[in-house]
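Participant: The structure under discussion is supplied below as structure tokens; questions concerning it will follow.
The values are calculated or read from the model by the stated rules, or taken from the named source; none is laboratory data. This is a predicted model, so every value here is computed, not measured. All Cβ positions, even for glycine, are placed from backbone atoms using ideal geometry, and neighbour counts span all protein chains on display. Each accessible area value is taken on the protein alone, full model and side chains, heavy atoms only, with ligands, DNA and RNA left out. Shrake-Rupley method; radii C 1.70, N 1.55, O 1.52, S 1.80 Å.
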Amino acid sequence: DGTGDYLTTPSSTNLSLGTSNFTYETWFYPTVTGAASKPIAYQYNVATIGGFIFYWTAASAVRVLVAAGTQWNIDFTTSAVPLNSWCHIALVRSGTTFYIFINGNLVHTASSISGTLGTASVPILIGGGNGGLEIITASYIAGCRLVKGTVLYTSAFTPPTQLFSIANTQLLTCQNTTIIHNSNN
């Protein structure tokens, strides 16, 4: 019903990113601009100060935060994203470099980030964050995939219209109208 709904994975070491290379991507379809930033995807551990957050902002933009160790290393906000249109978002870590892509376009690169994105097993929240205290409404999220240990993109690409389980896929869900975890793990 768009009110109070979000998905959460179980806590799992398979989802613990640490200093691993990874690709996290999802499709997002905003239908309204919110009054405040709301999470699209959220994996953040307050205790270890590590993880990432994708927010949908009041300015109709996507904000990506990455904390690796003791601080927010990346706090990047895109230009406005059109309402009522699918938007592909990808965050990639390759060694100490992070890449942020919107619709296959490289929009931000951050280098020399060697810290860990958390060592504890922390769930990924889809459409919610902060333990469910922040929830996105009136928008759609599809095709959420985390590939741990594999860098899928480092330059502009054509976003896939459907995400599949490939080698090292740790999370693949929101593929159709039924919520199913489609990875091999």
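Matching residues to (1) touching a Lys or Arg at 6+ places or on another chain (Cβ under 7 Å); (2) over 21 Å from L83 (Cβ atoms); (3) part of a strand (DSSP E or B):
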site: Y153; (1), (2), (3): no, yes, no
site: A156; (1), (2), (3): no, yes, no
site: T161; (1), (2), (3): no, no, no
site: A167; (1), (2), (3): no, yes, no
site: Q170; (1), (2), (3): yes, yes, yes
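Participant: List the residue pairs whose Cβ atoms are under 6 Å apart, where the first residue sits in segment 107-119 and is closer than 27 Å to A80 by Cβ, the second is among the aliphatic types (A, V, I, L, M) and in a strand (DSSP E or B), and the two are 6 or more positions apart or on different chains.
Facilitator: If the second residue must be among the aliphatic types (A, V, I, L, M) and in a strand (DSSP E or B), the pairs left are V107/I100; H108/I100; A110/I74; I113/A68.
Participant: Does any residue in segment 71-92 that is open to solvent by 50 Å² or more (accessible area, probe 1.4 Å) come within less than 9 Å, Cβ to Cβ, of a residue that is among the basic types (K, R) six or more places away or on a different chain, and which pairs are these?
Facilitator: Partner pairs satisfying both residue conditions: D75/R63; T77/R63.
Participant: Quick one: which residue in T158, T177 is modelled with pLDDT of 95 or more and either over 15 Å from F22 (Cα atoms) or of a type in the set (K, R) (or both)?
Facilitator: Residue meeting the stated conditions: T158.
Participant: Among the residues of segment 93-104, what is the count of those that are open to solvent by 50 Å² or more (accessible area, probe 1.4 Å) and not β-branched (V, I, T)?
Facilitator: Number satisfying all stated conditions: 1.
Participant: Moving to a separate point now. Might you let me know whether segment 56-68 holds any residue that is surrounded by 22 or more Cβ atoms within 10 Å (Cβ to Cβ) and aromatic (F, W, Y)?
Facilitator: Within segment 56-68, one or more residues are surrounded by 22 or more Cβ atoms within 10 Å (Cβ to Cβ) and aromatic (F, W, Y).
Participant: If you scan segment 1-24, which residues turn out to be surrounded by 22 or more Cβ atoms within 10 Å (Cβ to Cβ) and assigned to a strand (DSSP E or B)?
Facilitator: Listed by number, the residues that qualify are F22, T23, Y24.
Participant: Looking only at segment 25-39, which residues are of a type outside the set (S, T, N, Q), assigned to a loop (DSSP other than H, G, I, E, B) and buried (at least 17 other Cβ atoms within 10 Å of the Cβ)?
Facilitator: G34
Participant: Here is a follow-up. Within the group S155, S139, S165, which residue is more than 16 Å from the chain's Cα centre (by Cα), small (G, A, S) and open to solvent by less than 50 Å² (accessible area, probe 1.4 Å)?
Facilitator: Every option except S165 fails the conditions.
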